[in-house]
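The next block holds one structure in the form of structure tokens; read it before the comments.
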Amino acid sequence: MTVIDKPKLNRAHVLALLGHMIRIRRFEDKCAEVYTQEKIRGFLHLYDGEEAIAAGIIPVLGPDDKVVATYREHGHALVRGVPMNKVLAEMYGKAEGCSGGRGGSMHLFDAETNLYGGNAIVGGGLPLAGGLALGDRMRGDNHVTACFFGEGAVAEGEFHETLNLAGLWNLPVLFICENNGYAMGSAIARTESETDISEKAASYGIEAHQVDGMDVVAVEVAARKAVQRIRETGAPVFLECKTYRFRAHSMFDAQLYRDKAEIEEWRKKGPIVRFQSWLLDNKLIHREDVDAIEARVASEIDEAVAFAEAGTWEPVEHLTTHVLGEAVPFEPMPPSGESVEITYREAVKQAIRDAMQRDERVFMMGEDVGAYGGCYAVSKGLMDEFGGDRIRDTPLSESGFTGAGIGAAANGMRPIVELMTVNFSLLALDQIMNTAATIRHMSGNQFGVPLVIRMATGAGKQLAAQHSHSLEGWYAHIPGVKILAPATVEDARGMLWTALQDPDPVLIFENVMLYNMTGQIDAEAGPVDITKAAVRREGTDLSLITYGGSLFKTLDAAEELAADGISAEVIDLRTLRPLDDATILASLAKTRRAVIVDEGWRSGSLSAEIMARIMERGFWSLDAPVARVCSEEVPIPYPKHLEDAAIPQVPRIVAAAKSVMGR
């Protein structure tokens, strides 16, 4: 043991270690008490018995290091330096809480101490931690990200995907598994074929150790060695801390899965009684020292309770704040006056290249985006141009690398994550919806995720039911994200940079049938506005409202209708969340009729949302019921004639328009 990794067990240090543990224990005793008084609501997960882990590890970290915790994170927050009064106020749901009352017990965030929150999704913080470390790695910052999680998380795919990425990319993560023996109520022997969790980590080539998590000195020694190792090599280290929780999984838990004798046996070797007894027996401290700690903590708790109970409730008028950040004003580039012809594919590629050249924080990662050149050849040649660090091939682990993109974005980078196809995005839905879309809100606007996720969408290439989805409307249901559907080469070229300037996650859906399409674009084309729909064709008799791959079918339909004397206005939504209601309603005020063309399935579709908004805000402008043309309610078939019949086509659009016109 070197001087660096050996703890100095002098009087001040041992009192600090003991003080951390007693402070956590007494604070949570009070939390349990006020929970029964219904002052804390929801789930309450207590750290009782596991205090040695937070107390032994977190003080070893530096102020620029980062902490990602679980829903059992009160102790981590306190040791990290988040004031107790702010922690308790957050658990009360008060505006003075460390997350502004938005997160509650399971989501304690604090930007000042680099606490990136607890996470109520088991294993959900692992990819975030990997991404935070990736950001540090790419910038050359010698920081450590400490990621705490329970043994239940090791059954989740995000555990394995993140450890694989950390081992593969040499990410500076200190993984801490707080193995308390029970994933909620299931003993580890009933859920894991291999109960040695450190062995699982070692299988990914990560240095891994088992530690007695009830021994605060052993934990600190292991943490000092691990942090020193990470700082020297940049490589991850894994600590499995064997511990035990004395209380229930949460306050709702009746603990039918274990008996009281087991708990009492573990209490005899609890971290506080064990360390305190050793210190007293060896006369390193005296009873008066313990009494002083208890008195100081009791006073602090009293002050925290008073602070929380005197705190204020956030006004209901503020309900919709902190869902999105403050958007950067759009500044259009002046046209050059010269136009060139370009494919949609090349327009996207130019957009990526331009972003990489403009901002060194921008990088792209995804399956086969590098050496292969991308599934749809969008990124072909970019790895040679920018190198494998910035055009980064990933394993087939959508949740893991999407979560890593989220973490890197939260850490100041500007990632472009490519999900090969929209159906694969469902494997990353947890990270998109539960982390990317919520972290700004849950943290009380302390953290944002300026991330762009690109994916191919749509049918028409005979890829059958599992590769032909149009799920843009599903994602447009989620607050906290923005959804783009570029249909023109100008938008394919210009939306990306604008999206990268946005403070929030932006998902871009590129219809597969557009990649080979060509169009004219300004030779110096640059960013475009992503807040407005566009009128692609003026008309007076009815409005055809569409987006993405259906735009050009809709324009063709409008041409056919014109031959029959019907003047159709074509609106390209462009942005599916937030919808540009003003453009839609302005068109309806003129035409008084509407048909919505949507490649999504009819039931619960984006078209249904648009129809509802028209009914709510434009009903008195209508001269006829609103109609829609959607995909049939079937999985997309493989045979070409059936696939064509399943999705919107020109004849169906024309027929729907004529029906609305009474023809």
Quick check, is residue 278 surrounded by fewer than 20 Cβ atoms within 10 Å (Cβ to Cβ), free of Cβ contacts under 8 Å to residues at least 60 places away in the same chain and among the aromatic types (Phe, Trp, Tyr)? yes
Q) Can residue 365 be described as in contact (Cβ under 8 Å) with a residue 40 or more places away in the chain, among the hydrophobic types (A, V, I, L, M, F, W, C) and within 22 Å of residue 166 (Cα to Cα)? A) yes
Please determine whether any residue of segment 244-258 is without any contact (Cβ under 8 Å) to a residue 24 or more places away in the chain, open to solvent by 30 Å² or more (accessible area, probe 1.4 Å) and in a helix (DSSP H, G or I). no
Subset of segment 596-615, residues β-branched (Val, Ile, Thr) and free of Cβ contacts under 8 Å to residues at least 40 places away in the same chain, comes to 614
Of those in segment 287-345 that are among the polar types (S, T, N, Q) and in contact with a strand residue (DSSP E or B) (Cβ under 7 Å, 6 or more places away or on another chain), the residue surrounded by the fewest Cβ atoms within 10 Å (Cβ to Cβ) is 336
Among helices (runs of 4 or more DSSP H) entirely inside segment 123-203, those with 2 or more residues being open to solvent by 40 Å² or more (accessible area, probe 1.4 Å) and not hydrophobic (A, V, I, L, M, F, W, C) are 125-139, 157-169, 188-191
Condition set buried (at least 17 other Cβ atoms within 10 Å of the Cβ) and either among the acidic types (Asp, Glu) or in contact with a strand residue (DSSP E or B) (Cβ under 6 Å, 6 or more places away or on another chain) (or both), scope segment 625-645, selection nearest to residue 513 (Cα to Cα): answer is 643
Of the conditions (1) open to solvent by 100 Å² or more (accessible area, probe 1.4 Å); (2) part of a loop (DSSP other than H, G, I, E, B), the single one that residue 284 does not satisfy is (1)
Only unsatisfied item for residue 347, checking (1) among the hydrophobic types (A, V, I, L, M, F, W, C); (2) closer than 24 Å to residue 577 by Cα; (3) outside any helix (DSSP H, G or I), is (3)
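The values are calculated or read from the model by the stated rules, or taken from the named source; none is laboratory data. In this text, all values refer to a predicted model and were calculated from it rather than measured experimentally. Methodologically, a virtual Cβ is constructed for each residue, glycine included, from the backbone with ideal geometry; neighbour enumeration extends over all protein chains shown. Keep in mind that these areas ignore ligands, DNA and RNA; they rest on the heavy atoms of the full protein, side chains included. Shrake-Rupley method; radii C 1.70, N 1.55, O 1.52, S 1.80 Å.
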